[in-house]
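Q: The structure under discussion is supplied below as structure tokens; questions concerning it will follow.
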């Protein structure tokens, strides 16, 4: 680490001082030389004025360390590690593309800047240092209202033809990675919120295209909601959920790098919803003919085939079922919902997105999707992830996940629900598996998909399994593999639930510094445990390096009772009977 120095500054207020302490701890742990300075905020200065001071500050650090690569990092960001390809880069400039974009979209087509300014490095070469000095000269002489990235961009454009550069892959940003890609996610982006406040108020370079209509509407919606008190904003969000505005504004459409590819993936999904396997194959062939498919496109095809598995059943009757289908190819816990319901009916199972409006009678079951219950919902074991939402009082409640969800139903004017239990707890009935007397001597490590990019350090006897799967066969294989392990460590709630269904010792965890990565307030864990009659539970925060960590005090080996499984199955059957009576 002696060949580099990391630099940043911060203002004399509590928020940024605390962020500086966290960053300093990261850098001390990494053994990196650094310059972190507190700067006073002068009278009349605003955020934009402070930001432009980065330019002369970075120039001064470059002059102070002429033989070291200099990395700037915004003080409210985090460095979990510093991979060799970053630390030992020979490029004049290294950093993330603006917006942490993919290399497939490299360049200026949709951006006013090339570089993402929160973390980037400057080499020791003459051309690299000239870029910084040119940027500093423009900042010194300019009367424009602009932030640091404007002046750095100007220096970049003046010198780009003579600079070598290296783009850090977007998967290196926490939240964008995938452990199957073998790209270490070392950088955590932080934002104080000032960027959005000053957007449109500071000078920018010109872009080749404007924001999409959807993005402009989403930004406007966020701005409007921020003006209301929280209770009013929650009510407005609830109304948006009910009438389908949420689906329009936040819905993920088709994937693909071009319009023609997006059109085909849309057709593939539509064929999946309709249960038309032949069309999926036809459209997938068309997609392949246009070039190498992306990971997202392949995942969409897998999900479409799973939708079709349920929608193509030979029955004249349909069961409309609401569950959370994304991210594709599917999240294990969410896709338990159609698998479980399919075990108790021979009808076709048709997917309904939680955010889309619906008036037809339908089932809503496994998952923390109580927020999306409607008057036409028949509720079987659904839960909530926080209690700051509304649950529709006029739905038919066969059961809910646990007493905390039931309490909210009552508070919203609904009935007293007395039947509890997450349907995931009956997986041992649906796919009966017997644990071998002698397991494999290993520990299965399974992350919630929002934790996929964390740079974990695992002991040699740990084996990582992924929750990104949806098809019944893949789920069966996953469970068949799971019962072979001595024990499980997981941050995915439904993995923990199926472990308690089969009697597999399991530790429910989250990760230090990333406790908020999974949506919700955390009440869903206790709601589940109380709902199945077991001691309450909540995830334990553990370090990213597990090589010396002991799970002895947090491991659970309790099992969901057979009587509780009977109760959950009874609620499913009652729900199906209620739906049948309304068709």
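Q: Please enumerate the residues belonging to the stretch 495-514 that are in a helix (DSSP H, G or I) and more than 19 Å from residue 463 (Cβ to Cβ).
A: Residues satisfying the conditions are 497, 500, 501.
Q: State the number of residues belonging to the stretch 386-413 that are assigned to a loop (DSSP other than H, G, I, E, B) and under 17 Å from residue 363 (Cβ atoms).
A: Count: 5.
Q: Of everything in the stretch 300-327, what is part of a helix (DSSP H, G or I) and without any contact (Cβ under 8 Å) to a residue 60 or more places away in the chain? Give them in sequence order.
A: Within the stretch 300-327, 300, 301, 304, 307, 308, 310, 311 qualify.
Q: Follow-up question, since we're still on this one. Here is a list of conditions, (1) in contact with a strand residue (DSSP E or B) (Cβ under 7 Å, 6 or more places away or on another chain); (2) farther than 30 Å from residue 376 by Cβ; (3) part of a helix (DSSP H, G or I), and residue 568 meets all of them except one; can you say which number that is?
A: Going through (1) in contact with a strand residue (DSSP E or B) (Cβ under 7 Å, 6 or more places away or on another chain); (2) farther than 30 Å from residue 376 by Cβ; (3) part of a helix (DSSP H, G or I) one by one, residue 568 breaks only (2).
Q: May I ask you to list the residues in the stretch 509-543 that are closer than 16 Å to residue 490 by Cβ, in contact with a helix residue (DSSP H, G or I) (Cβ under 9 Å, 6 or more places away or on another chain) and loosely packed, with under 15 Cβ neighbours inside 10 Å?
A: 538
Q: Among the numbered criteria (1) at pLDDT 60 or above; (2) over 22 Å from the mean Cα position of the chain (by Cα), which one does residue 184 miss?
A: It is condition (2) that residue 184 fails.
Q: Taking the residues in the stretch 161-180 that are at pLDDT below 90 and surrounded by fewer than 14 Cβ atoms within 10 Å (Cβ to Cβ) as candidates, determine which candidate is farthest from the chain's Cα centre (by Cα).
A: 161
Q: If residue 397 satisfies every condition in (1) modelled with pLDDT of 95 or more; (2) surrounded by fewer than 24 Cβ atoms within 10 Å (Cβ to Cβ); (3) over 27 Å from the mean Cα position of the chain (by Cα) but one, which is the exception?
A: Evaluating residue 397 over (1) modelled with pLDDT of 95 or more; (2) surrounded by fewer than 24 Cβ atoms within 10 Å (Cβ to Cβ); (3) over 27 Å from the mean Cα position of the chain (by Cα) leaves (2) as the failure.
Q: Oh, and also: I need the full set of residues from the stretch 5-54 which are part of a loop (DSSP other than H, G, I, E, B) and within 25 Å of residue 512 (Cα to Cα), in order please.
A: Passing the criteria: 13, 31, 32.
Q: Follow-up. So, in the stretch 139-153, of the ones that are assigned to a helix (DSSP H, G or I) and touching a residue at least 24 places away in the same chain (Cβ under 8 Å), which residue ends up surrounded by the fewest Cβ atoms within 10 Å (Cβ to Cβ)?
A: For the stretch 139-153, the residue satisfying everything is 140.
Q: I would also like to ask the following. In the stretch 441-471, what residues are in a strand (DSSP E or B) and surrounded by fewer than 17 Cβ atoms within 10 Å (Cβ to Cβ)?
A: 457, 462, 463, 464
Q: If we scan the stretch 320-334, do we find a residue that is over 21 Å from the mean Cα position of the chain (by Cα) and farther than 28 Å from residue 286 by Cβ?
A: Checked the stretch 320-334: at least one residue is over 21 Å from the mean Cα position of the chain (by Cα) and farther than 28 Å from residue 286 by Cβ.
Q: Would you confirm whether or not the stretch 424-434 contains a residue that is assigned to a strand (DSSP E or B), at negative phi and either buried (at least 17 other Cβ atoms within 10 Å of the Cβ) or in contact (Cβ under 8 Å) with a residue 60 or more places away in the chain (or both)?
A: There is no residue in the stretch 424-434 that is assigned to a strand (DSSP E or B), at negative phi and either buried (at least 17 other Cβ atoms within 10 Å of the Cβ) or in contact (Cβ under 8 Å) with a residue 60 or more places away in the chain (or both).
Q: In the stretch 362-382, how many are surrounded by 19 or more Cβ atoms within 10 Å (Cβ to Cβ), in contact with a strand residue (DSSP E or B) (Cβ under 7 Å, 6 or more places away or on another chain) and in a loop (DSSP other than H, G, I, E, B)?
A: 5
Q: Do we have any residue at all in the stretch 62-76 that's in a loop (DSSP other than H, G, I, E, B), touching a helix residue (DSSP H, G or I) at 6+ places or on another chain (Cβ under 7 Å) and buried (at least 20 other Cβ atoms within 10 Å of the Cβ)?
A: Yes: one or more hits.
Q: Determine whether the stretch 106-127 contains at least one residue that is assigned to a helix (DSSP H, G or I), in the same structural domain as residue 8 (by TED's automatic domain parsing) and more than 19 Å from residue 2 (Cα to Cα).
A: Within the stretch 106-127 (the criterion being assigned to a helix (DSSP H, G or I), in the same structural domain as residue 8 (by TED's automatic domain parsing) and more than 19 Å from residue 2 (Cα to Cα)), the answer is yes, since at least one residue qualifies.
Q: Now a separate question. Filter the stretch 414-423 down to the residues that are outside any loop (DSSP other than H, G, I, E, B) and more than 16 Å from residue 523 (Cβ to Cβ) and list them by number.
A: The one that is outside any loop (DSSP other than H, G, I, E, B) and more than 16 Å from residue 523 (Cβ to Cβ): 423.
Q: Residues 70, 61: which one is at pLDDT 90 or above and closer than 27 Å to residue 175 by Cα?
A: 70
Q: Now for a separate question. Name the residues in the stretch 81-105 that are in a loop (DSSP other than H, G, I, E, B), buried (at least 20 other Cβ atoms within 10 Å of the Cβ) and within 23 Å of the chain's Cα centre (by Cα), would you?
A: Residue satisfying the conditions is 82 alone.
The values are calculated or read from the model by the stated rules, or taken from the named source; none is laboratory data. Just so it is clear, the structure is predicted and the values come from calculations on it, not from any experiment. Ideal geometry is used to build each Cβ from the backbone, glycine not excepted, and the neighbour counts take in all protein chains shown.
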